[in-house]
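All remarks here apply to the structure that follows.
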Amino acid sequence: MEIGSTVTLIYEGKLEDGTVFGYATKEDPMKFQTGMDMVIDGLEEGILEMTGAGEKKTIVVDQYKAYGEYLEDFTQRIPMEQIPVSDIKPGKRIWLTNSEDGAPMPATVIEVANGEVHFDMNHPLAGHELTFEVEILEVEEPPENFVSAKEKAEHLKQQSKLLGGDQADGFR
(Lines give C-alpha, C1' and ligand atoms only; values in the text may rest on other atoms or scores of the structure.)
Protein backbone atom coordinates (compact mmCIF):
# COMPACT_ATOMS: atom_id res chain seq x y z
CA MET A 1 0.00 0.00 0.00
CA GLU A 2 1.25 3.50 -0.80
CA ILE A 3 1.47 6.50 1.50
CA GLY A 4 -1.44 8.76 0.64
CA SER A 5 -3.91 5.91 0.12
CA THR A 6 -7.30 6.29 1.74
CA VAL A 7 -8.04 3.20 3.82
CA THR A 8 -11.38 1.97 5.11
CA LEU A 9 -11.08 -0.70 7.81
CA ILE A 10 -12.59 -2.39 10.81
CA TYR A 11 -10.60 -3.06 13.96
CA GLU A 12 -10.68 -4.02 17.59
CA GLY A 13 -8.05 -2.48 19.88
CA LYS A 14 -7.04 -4.19 23.12
CA LEU A 15 -4.71 -3.47 26.04
CA GLU A 16 -2.22 -6.00 27.39
CA ASP A 17 -4.85 -7.48 29.73
CA GLY A 18 -7.39 -7.94 26.91
CA THR A 19 -9.50 -4.88 27.75
CA VAL A 20 -11.05 -3.46 24.58
CA PHE A 21 -10.32 0.28 24.28
CA GLY A 22 -11.71 0.93 20.81
CA TYR A 23 -13.25 -0.57 17.71
CA ALA A 24 -14.74 0.14 14.29
CA THR A 25 -17.38 -2.12 12.70
CA LYS A 26 -18.54 -2.81 9.14
CA GLU A 27 -21.58 -0.63 9.90
CA ASP A 28 -19.35 2.19 11.17
CA PRO A 29 -15.84 1.63 9.76
CA MET A 30 -12.75 3.78 10.26
CA LYS A 31 -11.59 5.72 7.19
CA PHE A 32 -8.43 7.81 6.94
CA GLN A 33 -5.73 8.90 4.53
CA THR A 34 -2.29 7.51 5.27
CA GLY A 35 0.61 9.94 5.55
CA MET A 36 -1.51 12.63 7.19
CA ASP A 37 -0.81 11.88 10.89
CA MET A 38 -4.42 10.80 11.39
CA VAL A 39 -3.64 7.64 13.41
CA ILE A 40 -0.84 6.63 15.76
CA ASP A 41 2.47 5.87 14.05
CA GLY A 42 2.66 2.17 14.90
CA LEU A 43 -0.83 1.44 13.59
CA GLU A 44 -0.22 3.33 10.36
CA GLU A 45 3.11 1.53 9.81
CA GLY A 46 1.37 -1.84 10.23
CA ILE A 47 -1.43 -0.87 7.86
CA LEU A 48 1.04 0.36 5.22
CA GLU A 49 2.60 -3.14 5.24
CA MET A 50 -0.76 -4.62 4.22
CA THR A 51 -1.61 -5.16 0.57
CA GLY A 52 -5.29 -4.38 0.20
CA ALA A 53 -8.96 -5.11 0.72
CA GLY A 54 -9.82 -8.34 2.51
CA GLU A 55 -6.47 -8.65 4.30
CA LYS A 56 -6.53 -9.24 8.06
CA LYS A 57 -3.63 -8.61 10.41
CA THR A 58 -2.75 -8.35 14.09
CA ILE A 59 -0.72 -5.20 14.70
CA VAL A 60 1.05 -4.80 18.04
CA VAL A 61 2.14 -1.24 18.80
CA ASP A 62 4.55 -0.46 21.65
CA GLN A 63 3.94 2.59 23.83
CA TYR A 64 6.51 4.71 21.97
CA LYS A 65 4.70 4.35 18.63
CA ALA A 66 1.32 4.81 20.31
CA TYR A 67 0.75 7.46 23.00
CA GLY A 68 4.17 7.46 24.64
CA GLU A 69 5.28 6.40 28.06
CA TYR A 70 3.27 7.26 31.16
CA LEU A 71 4.93 10.25 32.85
CA GLU A 72 4.44 10.29 36.63
CA ASP A 73 5.24 14.00 36.80
CA PHE A 74 2.57 14.86 34.21
CA THR A 75 0.00 15.36 36.95
CA GLN A 76 -1.03 18.52 38.74
CA ARG A 77 -2.95 19.60 41.82
CA ILE A 78 -5.21 22.62 41.40
CA PRO A 79 -7.29 24.35 44.10
CA MET A 80 -10.98 23.47 43.73
CA GLU A 81 -12.02 27.15 43.48
CA GLN A 82 -9.98 27.48 40.25
CA ILE A 83 -11.92 24.69 38.53
CA PRO A 84 -14.80 26.13 36.47
CA VAL A 85 -16.60 22.77 36.24
CA SER A 86 -19.01 21.33 38.76
CA ASP A 87 -19.52 17.65 39.54
CA ILE A 88 -15.79 16.91 39.72
CA LYS A 89 -15.15 13.26 40.58
CA PRO A 90 -12.41 10.70 39.94
CA GLY A 91 -12.39 9.40 36.39
CA LYS A 92 -14.05 12.48 34.87
CA ARG A 93 -12.23 14.04 31.88
CA ILE A 94 -12.28 17.80 31.49
CA TRP A 95 -10.41 20.40 29.46
CA LEU A 96 -7.88 22.52 31.34
CA THR A 97 -6.36 25.68 29.90
CA ASN A 98 -2.59 26.10 29.92
CA SER A 99 -1.80 29.46 31.52
CA GLU A 100 1.28 29.96 29.31
CA ASP A 101 -0.33 29.78 25.88
CA GLY A 102 -4.04 29.29 26.61
CA ALA A 103 -4.09 25.95 24.79
CA PRO A 104 -6.76 23.54 26.07
CA MET A 105 -5.56 20.17 27.33
CA PRO A 106 -7.67 17.16 28.32
CA ALA A 107 -7.08 15.91 31.86
CA THR A 108 -8.49 13.10 33.99
CA VAL A 109 -9.46 13.66 37.62
CA ILE A 110 -7.44 11.30 39.84
CA GLU A 111 -8.81 12.42 43.19
CA VAL A 112 -10.56 15.27 44.97
CA ALA A 113 -9.28 15.91 48.50
CA ASN A 114 -8.45 18.74 50.89
CA GLY A 115 -9.89 21.40 48.58
CA GLU A 116 -7.71 20.32 45.65
CA VAL A 117 -8.28 18.38 42.47
CA HIS A 118 -5.45 16.07 41.39
CA PHE A 119 -5.34 15.82 37.57
CA ASP A 120 -3.53 13.44 35.22
CA MET A 121 -2.62 15.01 31.86
CA ASN A 122 -1.25 11.80 30.33
CA HIS A 123 -3.26 10.32 27.47
CA PRO A 124 -5.44 7.50 28.89
CA LEU A 125 -3.56 4.98 26.71
CA ALA A 126 -0.06 6.29 27.54
CA GLY A 127 2.30 3.60 28.79
CA HIS A 128 0.41 0.75 27.14
CA GLU A 129 1.25 -1.68 24.38
CA LEU A 130 -1.77 -1.75 22.06
CA THR A 131 -2.95 -4.69 19.96
CA PHE A 132 -5.14 -4.09 16.92
CA GLU A 133 -7.01 -6.80 15.04
CA VAL A 134 -7.43 -5.10 11.64
CA GLU A 135 -9.32 -5.99 8.47
CA ILE A 136 -8.99 -3.76 5.40
CA LEU A 137 -12.32 -3.20 3.66
CA GLU A 138 -11.23 -0.82 0.91
CA VAL A 139 -8.15 1.03 -0.34
CA GLU A 140 -8.29 4.07 -2.60
CA GLU A 141 -5.10 5.04 -4.41
CA PRO A 142 -3.40 8.29 -3.37
CA PRO A 143 -4.34 11.42 -5.29
CA GLU A 144 -1.90 12.66 -7.91
CA ASN A 145 0.81 14.92 -6.43
CA PHE A 146 0.06 13.77 -2.85
CA VAL A 147 2.14 15.52 -0.17
CA SER A 148 2.28 13.88 3.26
CA ALA A 149 1.93 15.82 6.52
CA LYS A 150 5.61 15.10 7.27
CA GLU A 151 6.73 16.43 3.86
CA LYS A 152 4.55 19.53 4.28
CA ALA A 153 5.97 20.25 7.76
CA GLU A 154 9.54 19.87 6.45
CA HIS A 155 8.78 22.21 3.55
CA LEU A 156 7.33 24.84 5.90
CA LYS A 157 10.37 24.55 8.18
CA GLN A 158 12.73 25.08 5.24
CA GLN A 159 10.66 28.04 3.97
CA SER A 160 10.80 29.60 7.44
CA LYS A 161 14.59 29.32 7.50
CA LEU A 162 14.83 30.86 4.02
CA LEU A 163 12.57 33.73 5.04
CA GLY A 164 14.61 34.44 8.17
CA GLY A 165 12.24 32.81 10.62
CA ASP A 166 13.65 31.91 14.01
CA GLN A 167 11.59 28.74 14.50
CA ALA A 168 14.23 26.43 13.00
CA ASP A 169 13.91 22.85 14.22
CA GLY A 170 11.29 23.73 16.85
CA PHE A 171 8.78 24.64 14.16
CA ARG A 172 6.16 22.08 13.19
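The values are calculated or read from the model by the stated rules, or taken from the named source; none is laboratory data. This structure is a prediction, so every number in the text was calculated from the model and none was measured. Quick reminder, even Gly has a Cβ in these numbers, built from the backbone with ideal geometry, and neighbours come from all protein chains shown. For accessibility, only protein heavy atoms count, side chains too; no ligands or nucleic acids. Shrake-Rupley method; radii C 1.70, N 1.55, O 1.52, S 1.80 Å.
Tabulated data for the structure shown
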| item | result |
| --- | --- |
| Sequence of T19, T97 from largest to smallest accessible area, 1.4 Å probe | T97, T19 |
| Taking all pairs of distinct alpha-carbon atoms in segment 105-149, Kirkwood radius in angstrom | 15.5 Å |
| The chain: calculated mean residue ellipticity at 222 nm from DSSP helix runs of at least 4, using -39500 (n - 2.57) | -4000 deg cm²/dmol |
| Where GluC sites (Glu not before Pro) fall in DSSP loop in segment 24-54, at most 16 other Cβ within 10 Å | E27, E49 |
| Mean shadow area of segment 50-172, taken as a quarter of the surface of its Cα convex hull (nm²) | 12.2 nm² |
| The chain - percent relative contact order, Cα under 8 Å, separation 6 or more | 32 percent |
| Per residue solvent-accessible surface (Å²) - the chain, probe of 1.4 Å | 65 Å² |
| Rg/Rg_globular for segment 1-60, with Rg_globular taken as 2.2 N^0.38 Å and Rg from C-alpha atoms | 1.11 |
| Directionally averaged projected area (convex hull, Cα atoms, segment 27-108), nm² | 9.0 nm² |
| Highest-fluctuation residue, I47, I78, I136 considered, GNM on the chain with Cα pairs under 10 Å | I78 |
| Protection proxy ranking of 63-69, 32-38 - average other beta-carbon atoms within 10 Å, highest first | 32-38, 63-69 |
| Rounded to 10°, Cα long-axis angle of helix 149-162 versus longest principal axis of the chain | 80 degrees |
